[in-house]
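These notes are about the structure you will find just below.
The values are calculated or read from the model by the stated rules, or taken from the named source; none is laboratory data. From a predicted model like this one, the values you see are computed outputs, not experimental measurements. Reconstructed Cβ throughout: ideal geometry from the backbone, glycine too, with neighbour counts over all protein chains shown. What goes into the accessible areas is simple: the full protein's heavy atoms, side chains included, and nothing from ligands, DNA or RNA. Shrake-Rupley method; radii C 1.70, N 1.55, O 1.52, S 1.80 Å.
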Amino acid sequence: MSTLFISDLHLDESRPEITRAFFSFLKTTASDASDLYILGDFFESWVGDDDESPFINSVKQALKDFTDRGASLYFMHGNRDFLIGDTFCRDVGAELLPDPSVISLAGEQTLLMHGDSLCTDDQDYMQFRKMARDPLWQQDALSKSLAERRAIAKHMRMVSGESNSNKATDIMDVNASAVNAEMAKHGCTRLIHGHTHRPNRHSITTTKEITERIVLGDWDHQLWYLKVDNNEISLNSATIVS
């Protein structure tokens, strides 16, 4: 039985090929998995657990089918879907993980994060993140009508896209000092995260030991997943058919 990690699918009704690829992934690659970790930005946006559109319900049903067979499902908030709550997780049989979280994986203490909190050079984003993760801000956002929330989410995506297009690419990557500090804080020798859309496996040499940072890829023209089976770790991809 394998353990799988994915992130940054950015599921959205406007990209049905990505949703189809995910449904196929659950039925094929994940069919014998014991655990599936989704480390943020599963949805392009999430306006609240009361959104019961046909698209949302189809994704929820696919996740429930996965957990109904006995597999464990874990969710972590991303910068797009940080309003996912207990109701959604209960409906699909998932456990909501704090960011960061530590698990034992292939014999090593492994730190799981979405990754956005490590992009400390992007000061504008860090200020937005602090605001958006504030419980009072979230309570106010969720008090608005569903239509208002959808309109706000659409506007925020547009503003984010325009802002990112004017930023240097290195600013939107993780800060090495932030990575080292977070791994040392939690006593971990491996870090798995998404967010940056730069899939890779990085060796990190410190004064004490060699550690590893694994970056999950986003789902666009390719799907990406990390597979751990019998202590063997592989970062994999496959072409998404439109």
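Amide H of ASP49 versus every other amide H placed in the peptide plane: which residues, excluding those fewer than 5 positions away on the same chain, fall under 5 Å?
GLY85
What's the carbon and sulfur percent of the chain's accessible surface, probe 1.4 angstrom, rounded to a whole number?
Roughly 49 percent, rounded to a whole number.
Ordering ARG150, ARG133 from largest to smallest accessible area (1.4 angstrom probe), what's the sequence?
Largest accessible area first, the residues go ARG150, ARG133.
Kindly provide the pair-distance distribution of the range 43-142 built from C-alpha pairs, with 10 Å bins from 0 and whole-percent values in order of increasing distance.
Bins of 10 Å from zero give 13, 39, 34, 13, 1 percent of pairs.
Just list whichever of LYS64/LYS144; LYS27/LYS130; LYS64/LYS154; LYS27/LYS144; LYS60/LYS227; LYS130/LYS185 have alpha carbons separated by over 32 Å in the model shown.
From LYS64/LYS144; LYS27/LYS130; LYS64/LYS154; LYS27/LYS144; LYS60/LYS227; LYS130/LYS185, over 32 Å: LYS27/LYS130; LYS27/LYS144.
Solvent-accessible area of ARG69, probe 1.4 Å, all protein chains present, reported in Å² to the nearest ten, please.
100 Å²
Rounded to the nearest 500 deg cm²/dmol, what is the calculated helix-only ellipticity per residue at 222 nm for the chain, with -39500 (n - 2.57) per DSSP H run of length n ≥ 4?
-10500 deg cm²/dmol
Which is the longest stretch in the chain that no exposed loop site breaks, taking sites as GluC sites (Glu not before Pro) with a DSSP loop state and at most 16 other Cβ atoms within 10 Å?
Longest gap between qualifying sites, sites excluded: 53-208.
Starting from the amide H of GLU212, placed 1.01 Å from N in the peptide plane, find each other amide H under 5 Å away whose residue is 5 or more places distant or on another chain.
For GLU212, the qualifying residues are ARG190, LEU191, ILE204.
Show SER163, SER14 ordered by accessible area, largest first, where the area counts protein heavy atoms only and the probe is 1.4 Å.
SER14, SER163
Over all directions, how big on average is the projection of the convex hull of the alpha-carbon atoms in the chain, in square nanometres?
12.9 nm²
Quick one: which of 115-121, 138-144 comes out on top by average Cβ neighbours within 10 Å, and what's the full order, highest first? If you can, show how the numbers build up before the last one.
Details: 115-121: 21.9, 138-144: 12.9.
The densest-packed peptide leads the list: 115-121, 138-144.
Just the accessible area per residue of the chain, please: how many Å² with a 1.4 Å probe?
49 Å²
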